[in-house]
Amino acid sequence: MNYKLTKADDHWFRENINCQYACPVNTPAMNYIERITSGDFDASLRLNFMANLFPHILGRVCTHPCETACRRGVIDKPIAICSLKRSAGDFALKKSPAKPVHIEKTGYRVAIIGSGPSGLAAAHDLAMKGHTVVIYEALPVAGGMLSVGIPPYRLPRAQIEAAINGIAELGAEIRLNSPIDTPDAFDTLLREYNAVYIATGAHKSQILEIPGEDLKGVMHGVTFMKETNLEMLKAVPEKVAVVGGGFTAIDCARSSLRLGAKEVSIVYRRTLEEMPAGEMEVSMAEEEGIKMHYLTSPVKIIGGLDCKVTHLECIKNKLGEPDEKGRRRPVPVQGSNFTIPVDMVIAAIGQSPDLGFFSDKIGIEINHWGMPVIDPKNFMTTRKGVFAGGDCITGPRNVIEVVADGRKAARSIHTFLTGEERKGYSFYYKDQSPSDRMPNYESAPRQKQDAISMDDRRSLNAEVELGLSKENAFKEAGRCLLCHYNIFIDETCILCGGCIDVCPYDCISMVSRDNVDVANDSPDKNTVAGDWDAVMVIDEEKCIRCGLCVKRCPVNAITMKRFAYAEE
């Protein structure tokens, strides 16, 4: 096996802290997990507030791309990073961040359309910079899809209210029941504000495009969740079928049970492996008795003489060739049609933005999906001073991604208004002694959150997941492999192989010079010149940072350093 020499600079280390690099807002998961292992939940929560702004919310509903990237998953299961985020909030004594004593006003005014997570994130950062921020919200409640798209048994309303109140305390104004839904209303914002951020979300449901979709008893997922969360819909009939495989579909199904349905089915055209909803949400739906029809597509909604829904006709699928996104296409199996008796059908197959206030005269280019075209570097549309982000530029995404959009757009708006450029990243290194780890941490199982009993899951307002106990939070945090700790072997190494002998995961090896490719244009070519026959190689993917090699080295050639980075 040949090894290619790579310069391990600041950016190389940054990209190799997988969890932080995978997070859209670069939350330093390894740092706040470290704080938990030392029992400092307040410091852990502060780190989350600095990065993702809404840890009490994201600790419950984040789709945690950090866990997909977590190296611990190569050994057994990834660290429950999202659950530990919630633990930081649950056990911290100070639940909210300290507010600045004084923010110097800039005199600039920014309008934000939509009070969802992207709009709230932008409002927070712009208010912290001293800009006057006014958020226009069409609904009678703030929070966007946090409030009307996610049921309270997953996200208690008190957590949303706390986040909104925190932003209002910074001086941002939220105007409820204030839709920007006409070209004239939008034009007024353009005249009265120095910049506008469009964060309207994606509140328009996609239709099934099958016969019978206009029958009584057919609803679309976004409408169903909105009316449920606003307490406009308080009961459903006995038999409900939900079409779709995303979070909205799961939320519609589980909410239907709490609204009185006796039989609830989910119809999804692919398999469980392709289902966009999270594994935990799917398993909880099944645990609550929801029947899953995988590899199944609806073809017709059937009604009776009174035009009410009576059956959903479906067809079975098999998976064919991959589509443009790499997922295998569902191919109908001829002759496999069957019907499901239903009283209600909820279509939750996707959402799109509703930008009815756009007109040709405002100078904002729209793509063929009806979404504003933006410069991906600064989120500005084709009209100067108008920015857009969140679901309205892509369609539905998860909360942490649209929070990232809001924060990035806020930086660009600040630069647009003031000329101040973003500085970039600061990198930090320091010598680190091998950490005192809990016994057998490398084989400790992933801890599970507690949950309320099935009998208690009849209310929309009863939070199902209760988080990790404090004891289990310590255990779970102790499983972290500390990827920001790195092993360094210097030129005093005598190639004795002692480190190889003690390494529990065989991640250190001695490699002949003949197997190291030092290219002529390598930035490290001069640093490896000289009389050497072999080199020690560490597999970063296998290393668990146990420090045994540091303790074993007879000439102290092996050291451990701690690496961290932060946005300036």
Report task. Sort through Phe13, Phe41, Phe49, Phe91 and tell me the only one that's of a type in the set (Phe, Trp, Tyr) and within 26 Å of Ala199 (Cα to Cα). Result -> Phe49
Query raised in the report: In the stretch 142-158, is there at least one residue being within 28 Å of Arg411 (Cα to Cα), touching a residue at least 24 places away in the same chain (Cβ under 8 Å) and open to solvent by 50 Å² or more (accessible area, probe 1.4 Å)?
Result: no
Report task. Confirm whether Ser509 is small (Gly, Ala, Ser), surrounded by 15 or more Cβ atoms within 10 Å (Cβ to Cβ) and either within 22 Å of Ala69 (Cα to Cα) or modelled with pLDDT of 90 or more (or both). Result -> yes
Requested in this report: Please verify whether the stretch 514-525 includes one or more residues that are at pLDDT below 90, open to solvent by 40 Å² or more (accessible area, probe 1.4 Å) and assigned to a helix (DSSP H, G or I).
Outcome: yes
Query - Given (1) open to solvent by 10 Å² or more (accessible area, probe 1.4 Å); (2) closer than 20 Å to Asn472 by Cα, number of the condition Ile79 does not satisfy - result: (1)
Query - Any chance Thr310 is in contact with a His (Cβ under 7 Å, 6 or more places away or on another chain), in a strand (DSSP E or B) and free of Cβ contacts under 8 Å to residues at least 60 places away in the same chain - result: no
Report task. For residues that are surrounded by fewer than 22 Cβ atoms within 10 Å (Cβ to Cβ), touching a residue at least 40 places away in the same chain (Cβ under 8 Å) and assigned to a helix (DSSP H, G or I), tally how many sit in the stretch 194-246. Result -> 1
Requested in this report: Exactly one condition in (1) on the phi < 0 side of the Ramachandran plot; (2) open to solvent by less than 30 Å² (accessible area, probe 1.4 Å); (3) touching a residue at least 60 places away in the same chain (Cβ under 8 Å) is not met by Gly350; state its number.
Outcome: (1)
Requested in this report: Check off (1) within 25 Å of the chain's Cα centre (by Cα); (2) within 28 Å of Arg254 (Cβ to Cβ); (3) at pLDDT 95 or above; (4) not charged (D, E, K, R) for Ile198 and give me the number that stays unchecked.
Outcome: (2)
Report task. Please determine, by comparing only the residues of the stretch 178-193 that are surrounded by fewer than 20 Cβ atoms within 10 Å (Cβ to Cβ) and of a type in the set (A, V, I, L, M), which one is nearest to Leu126 (Cα to Cα). Result -> Leu190
Report summary line: Matching residues in the stretch 535-552 (part of a loop (DSSP other than H, G, I, E, B) and more than 14 Å from Ser509 (Cα to Cα)) number 4
Report task. Test each condition in (1) at pLDDT 95 or above; (2) open to solvent by less than 40 Å² (accessible area, probe 1.4 Å) for Gly395 and report the one that comes out false. Result -> (1)
Requested in this report: State which residue is surrounded by the fewest Cβ atoms within 10 Å (Cβ to Cβ) when the search covers only the stretch 88-121 and only residues that are in contact with a strand residue (DSSP E or B) (Cβ under 6 Å, 6 or more places away or on another chain) and outside any strand (DSSP E or B).
Outcome: Asp90
Query - Residue check for Phe13: open to solvent by less than 20 Å² (accessible area, probe 1.4 Å), over 20 Å from Arg446 (Cα atoms) and not polar (S, T, N, Q) - result: yes
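The values are calculated or read from the model by the stated rules, or taken from the named source; none is laboratory data. Predicted model only: the values in this text are computed from it and were never measured. Virtual Cβ from ideal backbone geometry, glycine too; neighbours counted across all protein chains shown. Accessible surface areas use protein heavy atoms only, side chains included; no ligands, DNA or RNA. Shrake-Rupley method; radii C 1.70, N 1.55, O 1.52, S 1.80 Å.
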